[in-house]
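The values are calculated or read from the model by the stated rules, or taken from the named source; none is laboratory data. On a predicted model such as this, the values are computed, not experimentally measured, just so you know. Backbone-built Cβ (ideal geometry, glycine too); neighbour counts: all protein chains shown. For accessibility, only protein heavy atoms count, side chains too; no ligands or nucleic acids. Shrake-Rupley method; radii C 1.70, N 1.55, O 1.52, S 1.80 Å.
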Amino acid sequence: MRKGADTEVPVLVVGGSLVGLSASVFLGRLGVPHLLVEKHKHTSTHPKGRGNNVRTMELFRTARVEPAIREAASVLAGNHGILQAPTLVGEAGEWLFREIDPGGGLARFSPSGWCLCSQNDLEPVLLEHARALPGADLRFATELMSYEQDADGVTALVKSRDTGEHTTVRAEYLIAADGPRSPIRDSLGITQSGPGDLFHNVSVTFRSQKLAEIVGDRRFIVCYLTSPEADGALLPVDNRTQWVFHAPWHPERGETLESFTDERCAAHIRRAIGDPDLDVQVTGRAPWHAAQRVARAYASGRVFLAGDSAHEMSPTGAFGSNTGIQDAHNLAWKLAAVLNGWAGPGLLDSYDAERRPVAEATAARAADRSGEHSHPGYDAPPPAAGGGRPGGILNVVLGHRYPRGAVLGAAPDGPAVPEGLRLNGEPGSRAPHLWLRRGAERLSTLDLYERTPVLLCDATTPVWHEAARKVAAVLSIPLRAYRLGTAPGADLEPEDDWAEAHGVTPQGAVLVRPDGFVAWRSPSLPADHEEPGDLLHRTLSLLLDLA
C-alpha cells in the first residue's frame, strides 16, 4: 500500500447515482476492484429519469441485471405512448406516438427492448447487484473532500458524513460521475461547449385518487398538457394514485423556488388537468434544469468524466441518463484492459475520441425533440431554413458510431450519429444482433461481448480461429474466437447468414470489442499472401496500444 494511504484500489468512482452505480456494476463484472463514494445517504427517492433505451437495456442484459430491472419496472410495463392534450378532461388530444415499438420491429435489431424504470426504482437494483460483485466497495454518506493526481495515480481524501472520519484513498484512476455541477470537472479546468440552459421545471410528486378515473385507459409515458393557463407534463408513477407533474419555472423572470408552494402547485395541476375539484396531495418538489452542454474534454491525466459531469441534455427522450450509462460501459472495459495488462494506456485516449462526439450529436437531438414535443417552459428556437423535421431516435440510440477511436477501417470524417440506422458490421458501429444456437441454448451475438475481444469467423474457414488462438497467446490477451455455421467444428449455429449480416464473406472475419462495437473486419482472407495470424497480430497491436 502506498505510504499515507488508508485504502488502495485500482479505480475510485465519485458519485453513486445512475452512472456511478452502472460504472460499479460494469467494473465489478469485469473483475476490477473499486471504491465508490456518494455523499447522499441513500439512492434517489424522486421518480425521474425513467426512460431506459434499448441500447442501455442491452448492456444491462449482458451484465445480468435486466430481469431485476424489468421486475422493478413492472408497474409501468403497459405504458407506451406520448400524449399531447389541452387538458385531460374529455377526449381532445393527439398521440405524438402510441407505441414505443409498433409492430415489434425492434426485435430485428436487438434481443432487448425499451424499459420504463424510474430512477428511484432502478438505482436500488443497481446498488444491490454492484454490492454482490467481488471487489466492489460502495460507501454512501461519504464525500470527496479533495484529490491530487500524479503520473502514477490519484490520491483522494474522503469523509464519512455520518462519523466525520477522514480516509485517504489511493487509486490508479478516478471516474468523476459527480453530476452537472461537477466540482472535479471544474478543478481540472475543463470548460463546456453548447448553448447552456434551455429551460427550467419544478418536478412535483403528488397523490390523487380521482386522477386515474380521468386518465382512463390512456396508458401514456408522459402527457404534455398545453393549456395556456397551466401547461405542464404529467407522468404516472403507478397508474393509480401516485403521479409526477413538471411545471414550468422561470427563474430568469425572478420566480423563486419558494414561490412553488403546495397550494400553488395543487392549483396549477387542477387547471392543467381540467378539473377544479381534483384531489391533489403534494408530497414533494424538486427543481431541475434542462441544458445543452458538453465538456470540451472527457479526461485529464488519470481522471475521467462520465454522465452529467461530461454532458447535460434536455430530458425529452431520456438521452442524458442513457448516454451516461453508456459512457460508463465504454470506459469500464478499457480500464479493465489496461489494469489487467492486455492493453496499453493509449487505449484510454479513445474514451474521449469516441464518447464526446456522440454526446454532442445526442444533446442536439434531445433539444430538437423537446421543441418537437413543445415541452413546457421551452421556448424552442425556430428550425433552420430548409432543415425540415429531424429524423427518428433509433439512429441515435442504436446507430451511433465511433468514426475515431479504438477502431480500424471506419470513415474518420463520418458522423457520430448517421441519418439512417445501419447495423451491418461496419467498423465503429454496434455489432449486428443475430440469434445463435449452442445445443439447446438460444443466445444473441450480443451476449458474446462483455469481458474480452471476440473474433467471429466461419466454421468453413478455421484458419481464422487458429490464428486467433496463436495471437492471443503471443500478445497475452484474452481473445475469444467463435466458429459460426453448421460445418464440423462449429461452436455456434446462427439462425441467419452471419457473414452477410456483418458485411464479410465466409472467408472473412470480424473483430468485436468487449462493448459490442465492431473494431475491425476483414471481408475475406488477406491478399498478397499475408497470413491471417500476421494481419490479426498487427490489428490487435494497433487497437490495444500494444505496438
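In nm, what is the difference between 0.36 nm times the number of residues separating Thr283 and Asp534 and their Cα-Cα distance?
83.9 nm
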Legend entry - Heavy-atom SASA rank of Ser160, Ser118 (probe 1.4 Å, accessible area, largest first): Ser160, Ser118
Inset, instruction - Return the Rg/Rh value of the stretch 1-81, two decimal places, where both radii are evaluated on C-alpha atoms and Rh is the Kirkwood radius. - result: 1.06
Inset, instruction - For the stretch 35-51 and the stretch 476-533, write down the distance between their C-alpha centroids in whole Å. - result: 41
Inset, instruction - Using a 1.4 Å probe over the heavy atoms of the protein chains, calculate the carbon and sulfur portion of the accessible area of the chain as a whole percent. - result: 49
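So for the chain, if I pair up every lysine 8 or more residues apart or on another chain, how many of those pairs have alpha-carbons under 20 Å apart? Please list the in-between numbers first.
On the way: Lys3/Lys159; Lys39/Lys48; Lys39/Lys159; Lys41/Lys159.
Value for the chain: 4.
Give the relative contact order (percent, whole number) for the chain; include only Cα pairs under 8 Å separated by 6+ residues.
Relative contact order here is 14 percent.
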Legend entry - Diffusion coefficient, µm² s⁻¹, Stokes-Einstein with Kirkwood Rh over alpha-carbon pairs of the stretch 420-518 at 37 °C and 0.692 mPa s: 243
Legend entry - Alpha-carbon Rg with Dmax, taken over the stretch 321-473, Å: 19.1, 61
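Kindly provide the helix-only [θ] at 222 nm of the chain, computed as the sum of -39,500 (n - 2.57) over DSSP H runs of four or more divided by all residues, to the nearest 500 deg cm²/dmol?
It lands at -8000 deg cm²/dmol.
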Legend entry - Protection proxy ranking, peptides 449-459, 68-78, average beta carbon neighbours within 10 Å, highest first: 449-459, 68-78
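Rounded to the nearest 20 Debye, what is the dipole magnitude of the stretch 456-547 about its Cα centre when Lys and Arg each give +1 and Asp and Glu each give -1 at the C-beta?
360
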Inset, instruction - Only Lys, Arg, Asp and Glu count, each charged at its Cβ (+1, +1, -1, -1), so figure out the dipole size of the chain about its Cα centre, rounded to 20 debye. - result: 520
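Using every Cα-Cα pair within the chain, state what percent have a distance larger than 30 Å.
Of the Cα pairs, 52 percent sit more than 30 Å apart.
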Inset, instruction - Give a residue-ordered list of calculated ³J(HN,Hα) values for the stretch 325-337 (Karplus: 6.51 cos²θ - 1.76 cosθ + 1.60, θ = phi - 60°; whole Hz; x for Gly, Pro). - result: 4, 6, 4, 4, 5, 4, 6, 4, 5, 6, 4, 4, 5
Legend entry - Solvent-accessible heavy-atom area per residue, rounded to whole Å², over the chain at 1.4 Å: 41
Legend entry - Selection from His375, Ala306, Pro357 lying farthest towards where the dipole of the stretch 280-381 points positive, charges on Cβ: Ala306
Inset, instruction - Given the peptides 481-488, 290-297, 57-64, arrange them by the average over their residues of other C-beta atoms within 10 Å, most packed first. - result: 57-64, 290-297, 481-488
Legend entry - Span from the the stretch 345-364 Cα centroid across to the the stretch 420-475 one, whole angstrom: 24
Legend entry - Positive-end residue, the chain charge dipole about Cα centroid, Cβ charges, pick of Pro195, Pro418, His529: His529
Inset, instruction - Using per-residue counts of other Cβ atoms within 10 Å, averaged over each peptide, order 399-405, 207-213, 29-35 from highest down. - result: 399-405, 29-35, 207-213
Legend entry - Rg followed by Dmax, in Å, when the stretch 403-470 is reduced to its Cα trace: 14.7, 44
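Can you give me the orientation-averaged projected area of the convex hull built on the Cα atoms of the stretch 20-146, in nm²? Don't skip to the answer; put the middle values down first.
Numbers: hull surface 42.1 nm².
Answer in nm², one decimal: 10.5.
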Inset, instruction - Subtract the Cα-Cα distance of Arg98 and Leu443 from 0.36 nm times their separation in residues, and report this length gain in nm to one decimal. - result: 121.2 nm
Legend entry - Residue-level accessible surface for Tyr351, protein heavy atoms, 1.4 Å, Å²: 0
Inset, instruction - Taking the Cα centre of the stretch 133-196 as origin, sum charge times position over the Cβ atoms of Lys and Arg (+1) and Asp and Glu (-1), and report the length of that vector in debye to the nearest 20. - result: 240
Inset, instruction - Starting from the stretch 130-192, pick out the GluC sites (Glu not before Pro) whose DSSP state is loop and whose Cβ has at most 16 other Cβ atoms within 10 Å. - result: Glu165
